[in-house]
Amino acid sequence: MQRSTRFSPGWQVGAAVLAVVLAAGACTSNAPAPGGSGAAAGGTKHVSILNKDMTDADIKAEITKEAGLVVGNWTYSANATLIDEFQKYVKATYGADIVLTYDGSQAPSEYLTKLGAAAKGNNPAPYDVMAVEENYWADGTANGLPADFLPSDLIPNQKLVLDQFQHVPTSIAFQSTAFPGVVYNKAKAPFLKTLKDLADPRLKGKVTLPLSGDITAGGFMLGLASELGKDYKDPNQMKEVVDWAVTNIGPNVLKYTTDQPTLQQLFESGAADAVTFWNSLARLEYFGGHTDASLLVPSTIYPANGYLWIPKNAPHPVLAQVFINWRLSPDVQFPNAWPIEHGQWSELSEGFLGPDYVSKVPDWFVKDYFTYFPTLDQIKTSFKQVDWVAYNASAKVWQDYYGQKIGQ
């Protein structure tokens, strides 16, 4: 089947050699097993967050005692399967029946608010693992929220992840290619080439823009700022970007929303021709049968990848580390054996974290993988890294300004 949804022609470079890479990867792999770990002296494993050396029996007993954990993440369409797969993994690996509570939100700033309130009151953290965009880790770090947990013998899969995706000792990425973008109907709006083109009067009443306050809006405005020649570190220049968006794109806006089901309903019904969300939505829509769904790729891509971290005073720190190691394992990064549809797979999987993941591309996707994803070399070099400390300082000003401008 011909794929029409493309990041850019350059991202297809290397597709012809992927089969060779896959064949080589099938013969040799240095990847630790999801439940494996390095051993400390005396047959114990060092669990840094507890500053303890624990035997396998100690770890199993602690997991049985903890009995569950709470993860703050997003609203994946396959969340129920993810929960089930992790619970089955813990049962098979540690013999324990546990409950994973998966708190999904498209407004992760609310997690930081709850964590900050718990820390201020010297109460247990309401979450055991945060699995949200990198800027929230940076914001949490500025407020002393993340615990030190890396390296840990409970997380051997850390060694599979490129250094550029690690903030040792407090966080590690589980995505490498995520960014907010515009998903559009290429049959109805073939003229869309840049973010500024959302101001085209042919799109009147056919565009959605994100609400203010979170990284979906932040990522969109970063891209628009680049097109307008503005510096995202300067809140006054970002106010000018907001003014441009509200003045020029605003007349075309059907709805300001970051709610994924709403966006999908508007796009699939034809009410909206261009919706602003995450790049994974283009894949989800295409594999869901909406073959005119295409991704508008900004000239400058600012990734906002998901990072895993453990809040201080998390009530279930051992299971938190087990979850992080599991989430980084190649068979979870590329959940080929899970009972999910291709669209759901493409929403969960977000690029290579390192060389050991390259061989995991499923057979059904080998031909077209680089239509949707960059190569590992491009991941290493082609994305423009964000100064999240500077971004957060600026965004505290212009995000509120944006909210005021759209009457939020």
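A compact table of results
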{"quantity": "Heavy-atom accessible surface of the chain: percent carbon and sulfur, 1.4 Å", "calculated": "51"}
{"quantity": "Reachable lysines from Lys405, criterion Cα separation under 25 angstrom, eight or more residues apart if same chain", "calculated": "Lys196, Lys204, Lys206, Lys230, Lys233, Lys239, Lys255, Lys396"}
{"quantity": "Accessible surface, 1.4 Å probe, highest first, among residues Lys255, Lys360, Lys45", "calculated": "Lys255, Lys360, Lys45"}
{"quantity": "Mean accessible surface per residue for segment 140-246, computed with a 1.4 Å probe while every protein chain stays in place, in Å²", "calculated": "35"}
{"quantity": "Quarter of Cα convex hull surface for segment 158-312, i.e. mean projection, nm²", "calculated": "10.6"}
{"quantity": "Contact order normalised by residue count of the chain, Cα under 8 Å, 6+ apart, percent", "calculated": "29"}
{"quantity": "Size descriptor, Kirkwood hydrodynamic radius, that averages inverse alpha-carbon separations across segment 251-397, Å", "calculated": "17.9"}
{"quantity": "Nonlocal amide H pairs with Met54, under 5 Å, H built at 1.01 Å", "calculated": "Lys45, His46, Val47"}
{"quantity": "Alpha-carbon Rg/Rh ratio, for segment 39-98, with Rh computed the Kirkwood way", "calculated": "1.06"}
{"quantity": "Vicinal HN-Hα couplings computed from phi for segment 266-283 (Karplus, 6.51 cos²θ - 1.76 cosθ + 1.60; Hz; Gly/Pro x)", "calculated": "5, 6, 5, 7, x, 5, 10, 9, 8, 10, 9, 7, 9, 4, 5, 5, 4, 5"}
{"quantity": "Relative packing of peptides 59-68, 130-139, 389-398 - highest average C-beta neighbours within 10 Å first", "calculated": "130-139, 389-398, 59-68"}
{"quantity": "Gyration tensor (Cα) of segment 209-269, equivalent ellipsoid semi-axes in angstrom", "calculated": "23, 13, 9"}
{"quantity": "Cross-link reach list, aspartates and glutamates versus Lys114, counting only Cα pairs under 17 Å and skipping chain neighbours closer than eight places", "calculated": "Asp103, Asp128, Glu133, Asp139, Asp214"}
{"quantity": "Computed over segment 330-396: relative contact order in percent, which uses C-alpha pairs under 8 Å that are six or more apart", "calculated": "29"}
{"quantity": "Gyration tensor over alpha-carbon atoms, the chain, equivalent ellipsoid semi-axes in Å", "calculated": "36, 26, 18"}
{"quantity": "Convex hull volume of segment 298-358 per residue (C-alpha atoms, cubic angstrom)", "calculated": "138"}
{"quantity": "Nearest-10 value in Å² for the accessible area of His316, using the 1.4 Å probe", "calculated": "40"}
{"quantity": "Simple label model, 7 Å out from Cα along Cβ direction - Asp58 to Asn123, nm", "calculated": "3.2"}
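The values are calculated or read from the model by the stated rules, or taken from the named source; none is laboratory data. This is a predicted model, so every value here is computed, not measured. Reconstructed Cβ throughout: ideal geometry from the backbone, glycine too, with neighbour counts over all protein chains shown. Each accessible area value is taken on the protein alone, full model and side chains, heavy atoms only, with ligands, DNA and RNA left out. Shrake-Rupley method; radii C 1.70, N 1.55, O 1.52, S 1.80 Å.
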